[in-house]
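Enquirer: Before we start, here is the structure in question, set down as C-alpha cells.
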Amino acid sequence: MFTNLSQLKDQIDIVDILSNSIELKKSGANFKACCPFHGEDTPSFVVSPTKQICHCFGCGYSSDTIGFVQEYKKLSFAEAIEDIANDLNFTLEYDSTQQKKDYKSIFESVNSLYIKSLQDDNLKYLLDRGVTKKSIKTFEIGYAGTSQSQIEFMKQNFLNMSDAIDVAILGADKDKMYSRQIKRITFPIRNHTGKLIGFGGRTTINHNAKYINSAQTKLFDKSRNLYGYNIAKEHIYKKGTIVVTEGYLDVVMMHQANIQTAVATMGTALTEQHCIMIKKIGCRVLLCYDGDKAGKNAALKASVLLSQHEIDGGVVLFEDGIDPADMVADGKVAELIAIMKKPIPLIEFALQVIVLNYELTNPHLKNKALKECVDFLKSLNNLLIANEYKQYLANLLKIQVSHITLGQTQIEQQPSCRTQQNGKKINRADDKILKTILENPDFLDIAMNNMDYEVMSTNLVFVDIIDGKTDSSLLIPLKIREDVIIYNKTDFISACKLKQKSFLEEQLKKLSQNTDDDVFLKMDRLQKRIKDVG
C-alpha cells in the first residue's frame with residue numbers, strides 16, 4: 001500500500017501525535033490522560049513514550065499510535081496513515097497498485113482560481129473595508145464565482161471531480177455537482193503545517209448565511225483548526241500569547257496592525273481540541289469577542305474551558321457593535337492595543353458573568369449564584385488556584401469568605417494489580433517475572449529451566465509470551481506499568497524457583513486429600529522435587 005511506511009513509523013512519536021487529540025500530563029516516565037473512549041474523572045489512560053503504546057487501566061483499551069488514530073478519528077488504516085503523515089509533513093509513497101488521492105493539487109488549483117477571480121467590485125469591497133493589497137496577498141484572499149464556472153475550470157484542468165467532492169470543494173445532489181462556495185469572498189484555511197484543507201467564504205450578495213465554512217472532511221475539522229494559525233504560529237511561540245477572535249477579517253486586520261498572534265475560530269465556539277492545541281504550545285490566551293449577548297456567552301464558555309485546562313489568559317469584549325477589524329480600518333490601532341492591554345483574567349471574567357445572571361437581592365438566587373460559582377471553581381484541576389479566587393467571589397456576592405467551601409482534591413491511585421480477561425487477579429510477583437521476560441527475552445529460557453510450564457499455564461499473558469505474540473493486547477498493560485520493576489538475573493532465578501516451589505507445594509496439598517492407590521508414590525516424588533528446588 002505504502003512503500004515507505006516503515007520510514008514513517010520510525011518518525012512517529014506517540015506522545016506528539018496523541019497530544020493533538022487529548023491532553024496528556026507527565027506522570028513519571030509516562031503520560032496520563034482521561035480516557036477518550038469511556039467517561040472518567042480520574043485519569044487511567046497511560047501513554048508510554050518508550051514503548052510507543054497506550055493503555056487504559058479503566059476500560060482495557062490498548063493500542064499503538066496508528067490504532068489510536070483509527071479509533072479516535074474513525075478512520076481506516078490507510079486513512080490513519082495519511083492523517084499521521086499529514087501531521088508530520090511526511091510524503092508518503094504509494095505502490096503501483098494504489099491510486100494516490102491528489103487533494104493538494106485540487107486545493108491549490110482551485111485556490112489559484114479564486115485568487116485570480118478577486119477583481120472589480122469584490123476587490124473594492126475588501127479595500128473599502130480597509131484591507132490592504134499586501135494583506136490580501138498574505139492571506140491569499142480570493143473570490144468564488146458561479147458554480148458552473150468553477151466546475152468548468154476543474155474539468156479543463158483535468159482535476160478529479162470525485163476527489164473534489166471528498167474534500168468538500170464540490171457537493172453532489174442526485175448526480176448533479178455544484179460548488180460549495182458560490183459568489184463569496186474566499187479565505188483559504190491551512191493547517192499548522194501550511195497544507196490547504198478547506199475554505200471559508202463571505203457572501204457578497206446578502207445571502208442569509210453570511211459565512212460558510214468547508215464541510216467537515218477527513219482533512220478539515222473546524223473544531224481542531226484555527227484560521228490564520230499557520231501564519232501566526234511563529235509569533236505565538238515567540239511572544240507566548242495567542243489572540244483568539246471570532247472572524248476571518250478580524251484576523252486579517254489585526255495582522256495588518258502588527259498584532260501577529262491573532263487567529264480565529266471558524267463558526268464554532270472554542271473547543272476541547274483547541275484547548276489541547278493551545279496547551280501544547282504553552283501560551284497565554286487573549287479572547288477578543290463581541291460584547292453582544294452571543295459574544296459574552298461564547299467568552300464565558302471559552303473562559304471556563306480554558307481555566308479547566310489550566311490555561312492562563314484574559315478576556316476583552318468590544319461593545320457597541322465595534323469589532324477589531326472596524327477599529328483597524330478606522331485607524332484606531334492605538335486604542336485597540338490599549339484595550340487589549342487591559343483584559344479581565346479568565347477566572348474573574350467567568351465568575352463575573354455567572355454572578356451577573358442572578359438577582360443578588362434575592363437570597364435564594366444569591367445562593368444559586370454561589371453554588372454555580374463554587375461548582376465552576378471545583379471543576380478546576382488545581383485546587384490552589386481555585387482557592388485563590390474565594391475572596392474575589394466573596395466580594396462579588398458580598399458574603400463572608402468562610403461561606404465558600406471548595407473541598408479536597410482527589411488523589412490518583414496507581415492500580416495495584418491487573419485483571420485478566422477471565423477475571424482472575426494477577427499478583428505482583430507474577431507481574432515482575434512476566435515483565436522481566438518481556439524486557440529480556442533471553443530470560444524465558446531461564447524461566448523454563450527453573451519452573452514447569454504448568455506453573456503459569458493458566459496465565460494468559462504468559463501463554464502469549466510463550467507463543468511469541470509480542471503484539472498481544474494482553475501484554476500492553478504490563479509493558480506500560482511503571483510500578484512493576486524487573487528482576488536482575490540472580491533475583492529472577494530465585495523468583496522462578498520460589499514460584500516453582502509454591503506450585504509443587506500446592507500440588508502436594510491437593511494430593512494429600514486424594515485416596516488413589518498410587519497417591520503416596522506421587523507425594524514422595526513431589527517432596528523430592530520440592531527439596532531439589534531448595
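Enquirer: Would you tally the residues in segment 315-333 being outside any loop (DSSP other than H, G, I, E, B) and surrounded by fewer than 20 Cβ atoms within 10 Å (Cβ to Cβ)?
Expert: 4
Enquirer: Now for a separate question. Within segment 259-294, how many residues turn out to be touching a residue at least 12 places away in the same chain (Cβ under 8 Å) and outside any strand (DSSP E or B)? Reasoning before the result, please.
Expert: Looking only at segment 259-294, we keep the residues that are touching a residue at least 12 places away in the same chain (Cβ under 8 Å), and these are 259-292.
Right, trim to outside any strand (DSSP E or B) and you get 259-261, 265-283, 291-292.
Final tally of qualifying residues: 24.
Enquirer: Follow-up question, since we're still on this one. Would you be able to say whether some residue in segment 190-207 is crowded, with 20+ Cβ neighbours inside 10 Å and of a type in the set (S, T, Y)?
Expert: So far as segment 190-207 goes, no, none of its residues is crowded, with 20+ Cβ neighbours inside 10 Å and of a type in the set (S, T, Y).
Enquirer: Still on this structure: Does N297 satisfy the condition of being without any contact (Cβ under 8 Å) to a residue 12 or more places away in the chain, assigned to a helix (DSSP H, G or I) and farther than 30 Å from R129 by Cβ?
Expert: Considered against the rule, which asks whether it is without any contact (Cβ under 8 Å) to a residue 12 or more places away in the chain, assigned to a helix (DSSP H, G or I) and farther than 30 Å from R129 by Cβ, N297 comes out as no.
Enquirer: Counting just the residues of segment 240-276 that are touching a strand residue (DSSP E or B) at 6+ places or on another chain (Cβ under 9 Å) and charged (D, E, K, R), which one comes out farthest from V131 (Cα to Cα)?
Expert: For segment 240-276, the residue satisfying everything is E246.
Yes/no matrix, rows are residues, columns are (1) out of contact with any Ser or Thr (no Cβ under 6 Å at 6 or more places or on another chain); (2) of a type in the set (A, V, I, L, M); (3) outside the structural domain of D121 (by TED's automatic domain parsing):
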| site | (1), (2), (3) |
| --- | --- |
| D175 | yes, no, no |
| R180 | yes, no, no |
| R184 | no, no, no |
| I189 | yes, yes, no |
| H192 | yes, no, no |
| G200 | yes, no, no |
| L219 | yes, yes, yes |
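Enquirer: Any chance segment 486-505 includes a residue that's at pLDDT below 80, over 14 Å from D430 (Cβ atoms) and not assigned by TED's automatic domain parsing to the domain that holds S48?
Expert: Filtering segment 486-505 down to residues at pLDDT below 80 leaves none.
No: segment 486-505 contains no residue that is at pLDDT below 80, over 14 Å from D430 (Cβ atoms) and not assigned by TED's automatic domain parsing to the domain that holds S48.
Enquirer: Take I53 and decide whether it is crowded, with 17+ Cβ neighbours inside 10 Å and more than 23 Å from Q308 (Cβ to Cβ). Reasoning before the result, please.
Expert: Working: crowded, with 17+ Cβ neighbours inside 10 Å: yes; more than 23 Å from Q308 (Cβ to Cβ): yes.
Yes.
Enquirer: What is the number of the single condition among (1) without any contact (Cβ under 8 Å) to a residue 12 or more places away in the chain; (2) within 17 Å of P477 (Cβ to Cβ) that I14 does not meet?
Expert: Exception for I14: condition (1).
Enquirer: Just checking, how many residues over segment 443-469 are surrounded by fewer than 12 Cβ atoms within 10 Å (Cβ to Cβ), touching a residue at least 24 places away in the same chain (Cβ under 8 Å) and in a loop (DSSP other than H, G, I, E, B)?
Expert: Of the residues in segment 443-469, 1 are surrounded by fewer than 12 Cβ atoms within 10 Å (Cβ to Cβ), touching a residue at least 24 places away in the same chain (Cβ under 8 Å) and in a loop (DSSP other than H, G, I, E, B).
Enquirer: So, of the residues in segment 470-496 that are outside any helix (DSSP H, G or I) and acidic (D, E), which turns out to be nearest to S27 (Cα to Cα)?
Expert: E482
Enquirer: One residue is enough: does segment 484-492 have a residue meeting the conditions of a type in the set (V, I, T) and buried (at least 16 other Cβ atoms within 10 Å of the Cβ)?
Expert: There is at least one residue in segment 484-492 that is of a type in the set (V, I, T) and buried (at least 16 other Cβ atoms within 10 Å of the Cβ).
Enquirer: Between residues in segment 229-252 that are under 23 Å from P345 (Cα atoms) and in contact (Cβ under 8 Å) with a residue 12 or more places away in the chain and residues that are of a type in the set (D, E, K, R) and not in a strand (DSSP E or B), which pairs lie under 7 Å by C-beta distance while being six or more apart or on different chains?
Expert: Once the first residue is under 23 Å from P345 (Cα atoms) and in contact (Cβ under 8 Å) with a residue 12 or more places away in the chain and sits in segment 229-252, its partners that are of a type in the set (D, E, K, R) and not in a strand (DSSP E or B) give D250/D323.
Enquirer: Restricting attention to segment 336-385, which residues are more than 30 Å from Q256 (Cβ to Cβ) and in contact (Cβ under 8 Å) with a residue 60 or more places away in the chain?
Expert: F376, S379, L380, N381, N382, I385
Enquirer: State which residue is nearest to H255 (Cα to Cα) when the search covers only segment 334-353 and only residues that are in a helix (DSSP H, G or I) and touching a strand residue (DSSP E or B) at 6+ places or on another chain (Cβ under 8 Å).
Expert: M340
Enquirer: Please find, among L306, L287, the residue that is of a type in the set (A, V, I, L, M), surrounded by 15 or more Cβ atoms within 10 Å (Cβ to Cβ), within 18 Å of N381 (Cβ to Cβ) and not assigned by TED's automatic domain parsing to the domain that holds L127.
Expert: Values: L287 fails: within 18 Å of N381 (Cβ to Cβ).
Result: L306 is the single residue among L306, L287 that is of a type in the set (A, V, I, L, M), surrounded by 15 or more Cβ atoms within 10 Å (Cβ to Cβ), within 18 Å of N381 (Cβ to Cβ) and not assigned by TED's automatic domain parsing to the domain that holds L127.
Enquirer: Which residue out of G331, G313, G321 is at pLDDT below 90 and not assigned by TED's automatic domain parsing to the domain that holds L126?
Expert: Numbers: G331 fails: at pLDDT below 90; G313 fails: at pLDDT below 90.
Just one listed residue meets the conditions, G321.
Enquirer: Could you give every pair whose Cβ atoms fall below 9 Å, whose first residue belongs to segment 471-489 and is farther than 15 Å from F45 by Cβ and of a type in the set (V, I, T), and whose second residue is surrounded by 16 or more Cβ atoms within 10 Å (Cβ to Cβ) and at pLDDT below 85, counting only separations of at least 6 or pairs across chains?
Expert: V484/L478
Enquirer: What residue, of A209, A294, A264, A269, is touching an Asp or Glu at 6+ places or on another chain (Cβ under 7 Å) and among the small types (G, A, S)?
Expert: Answer to the selection: A264.
Enquirer: Now for a different question. Looking at the structure I just gave you, is L306 under 27 Å from A215 (Cα atoms) and part of a loop (DSSP other than H, G, I, E, B)?
Expert: On the way: under 27 Å from A215 (Cα atoms): yes; part of a loop (DSSP other than H, G, I, E, B): no.
Criteria not met by L306.
Enquirer: Which residues, counting only those in segment 135-175, are without any contact (Cβ under 8 Å) to a residue 12 or more places away in the chain and among the charged types (D, E, K, R)?
Expert: K137, E152, K155, D173, K174, D175, listed by residue number.
Enquirer: Quick check: anything in segment 422-435 at pLDDT below 95, part of a helix (DSSP H, G or I), within 29 Å of L305 (Cα to Cα) and hydrophobic (A, V, I, L, M, F, W, C)?
Expert: no
Enquirer: OK, next. Among the residues of segment 227-258, how many are outside any helix (DSSP H, G or I) and modelled with pLDDT of 95 or more? Before you say what the answer is, go through the steps one by one.
Expert: Residues of segment 227-258 that are outside any helix (DSSP H, G or I), as a first pass: 227-228, 240-247, 257-258.
Add one more test, that the residue is modelled with pLDDT of 95 or more, and what stays is 227-228, 241-245, 257-258.
The qualifying residues number 9.
Enquirer: Right, next: Is one or more of the residues making up segment 89-107 in contact with a strand residue (DSSP E or B) (Cβ under 6 Å, 6 or more places away or on another chain) and modelled with pLDDT of 90 or more?
Expert: Yes, because at least one residue in segment 89-107 is in contact with a strand residue (DSSP E or B) (Cβ under 6 Å, 6 or more places away or on another chain) and modelled with pLDDT of 90 or more.
Enquirer: Could you pull out every one of the strands (runs of 3 or more DSSP E) wholly within segment 24-128 that has 1 or more residues that are in contact with a Ser or Thr (Cβ under 7 Å, 6 or more places away or on another chain)?
Expert: Numbers: elements: 25-27, 30-33, 45-48, 53-56.
In segment 24-128, 30-33, 53-56 are the strands (runs of 3 or more DSSP E) which contain 1 or more residues that are in contact with a Ser or Thr (Cβ under 7 Å, 6 or more places away or on another chain).
Enquirer: Determine which single condition G267 fails, assuming it passes every other condition in (1) within 22 Å of M327 (Cα to Cα); (2) at pLDDT 95 or above.
Expert: Against the list (1) within 22 Å of M327 (Cα to Cα); (2) at pLDDT 95 or above, G267 comes up short only on (2).
Enquirer: Take the residues in segment 1-35 that are hydrophobic (A, V, I, L, M, F, W, C) and loosely packed, with under 13 Cβ neighbours inside 10 Å, then tell me which one is farthest from K73 (Cα to Cα).
Expert: Residue satisfying both the conditions and the ranking: A29.
The values are calculated or read from the model by the stated rules, or taken from the named source; none is laboratory data. Worth saying up front: this structure is predicted, and the values here are computed from it rather than measured. Every residue, glycine as well, gets a Cβ built from its backbone with ideal geometry; the counts of neighbours run over all protein chains shown.
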